[in-house]
Amino acid sequence: MNAVIPGTSLAIRPENFPDPIEDLPVNGTAKAVFAGGCFWCVEAVYLNLEGVNAVVSGYAGGHAAQANYEAVCTGTTGHAEVIEVEYNSAVISFGELLKVFFSVAHDPTHKDRQGNDRGTQYRSAVFYHDNAEKTVATAYIEQLNNAGAFIAPIATTVEPLETFFPAEDYHQNFARRNPTQGYVTHVAKPKVEKLIHAFPDKLKTRTP
């Protein structure tokens, strides 16, 4: 039986997290879009991964024709805070990005919230560009549920990406530019530390 890790819904330690059985083929530079609560924190994690060329915080999944921080924060537009990850699939695969997403970047068992942040804008979601991404993401969620990776069911939705709206400039690379800000210190920094501990072989030797 898996031992529950204190303070989290994880039943399997991140360093022992299963690799996806299904993955996308190597196909040069690609993009992936994930929602896992506050984009400052998820962005901070992915910027440290070898093979990740760029990360842009933004909004996706809403019904409104435009998205901005003030509107999205009301929870009425349907958008989620997301990150768009540009990556080199020859170095890090879509499946490996998913593994980091589920194991350290956020808690996928929480519906419409992460920590004290509540609302559909903070939902857990994978936004897919095509059916291949949808298939891999859906299969991995099923794999993790079957493996008992969490003590609660995964609440992550798998949604089609219709439009990605980049967030305002002051949100980009926020954690690195504001390392002493309270939210960064208490929420983003522990996620990065968890990544460093669990996946040292996936880290950039130099960070931007």
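Read the figures in this text as sums done on the coordinates, not as results from a lab. These numbers come from a predicted model, not from an experiment. Note: ideal-geometry Cβ built from the backbone for every residue, glycine included; neighbour counts use all protein chains shown.
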In the range 113-127, anything aromatic (Phe, Trp, Tyr) and either in a strand (DSSP E or B) or closer than 25 Å to Asp23 by Cα (or both) is listed as Phe127
Tally time: how many residues in the range 77-90 are surrounded by fewer than 24 Cβ atoms within 10 Å (Cβ to Cβ) and more than 16 Å from Val55 (Cα to Cα)?
3
Suppose the filter is surrounded by fewer than 17 Cβ atoms within 10 Å (Cβ to Cβ) and under 16 Å from the mean Cα position of the chain (by Cα); does Pro160 pass it?
yes
Given the condition under 19 Å from Val33 (Cα atoms) and among the hydrophobic types (A, V, I, L, M, F, W, C), answer yes or no: does some residue in the range 138-149 qualify?
yes
The lone condition His110 fails out of (1) without any contact (Cβ under 8 Å) to a residue 12 or more places away in the chain; (2) in a loop (DSSP other than H, G, I, E, B) is (1)
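Every residue, every condition in (1) touching a His at 6+ places or on another chain (Cβ under 8 Å); (2) surrounded by 15 or more Cβ atoms within 10 Å (Cβ to Cβ); (3) β-branched (Val, Ile, Thr), yes or no:
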site: Ala147; (1), (2), (3): no, no, no
site: Pro153; (1), (2), (3): no, no, no
site: Phe164; (1), (2), (3): no, yes, no
site: Asp169; (1), (2), (3): no, no, no
site: Gln172; (1), (2), (3): no, yes, no
site: Val192; (1), (2), (3): no, yes, yes
So, in the range 149-181, exactly how many residues are part of a loop (DSSP other than H, G, I, E, B), over 23 Å from Glu70 (Cβ atoms), in contact with a Phe, Trp or Tyr (Cβ under 9 Å, 6 or more places away or on another chain) and free of Cβ contacts under 8 Å to residues at least 60 places away in the same chain?
2
If the requirement is being under 17 Å from Ala155 (Cα atoms), touching a residue at least 60 places away in the same chain (Cβ under 8 Å) and crowded, with 16+ Cβ neighbours inside 10 Å, which of these qualifies: Phe94, Phe127, Phe17?
Phe127
Checking Gly62, Gly78, Gly36, Gly28 in turn, the sole residue that is on the phi > 0 side of the Ramachandran plot, in contact with a helix residue (DSSP H, G or I) (Cβ under 8 Å, 6 or more places away or on another chain) and not aliphatic (A, V, I, L, M) turns out to be Gly78
Val184 versus (1) surrounded by 13 or more Cβ atoms within 10 Å (Cβ to Cβ); (2) in contact (Cβ under 8 Å) with a residue 12 or more places away in the chain; (3) more than 17 Å from Val82 (Cα to Cα): which is the lone unmet condition?
(3)
Can you name every residue in the range 55-68 that is in contact with an Asp or Glu (Cβ under 8 Å, 6 or more places away or on another chain) and surrounded by 15 or more Cβ atoms within 10 Å (Cβ to Cβ)?
Val55, Val56, Ser57, Gly58, Tyr59, Ala60, Gly61
Those residues of the range 47-66 which are over 16 Å from Val33 (Cα atoms) and in contact (Cβ under 8 Å) with a residue 60 or more places away in the chain amount to Asn48, Glu50, Gln66
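Every residue in the range 38-56 that is within 19 Å of His79 (Cβ to Cβ) and in contact with a Pro (Cβ under 8 Å, 6 or more places away or on another chain), please.
Matches in the range 38-56: Val56 only.
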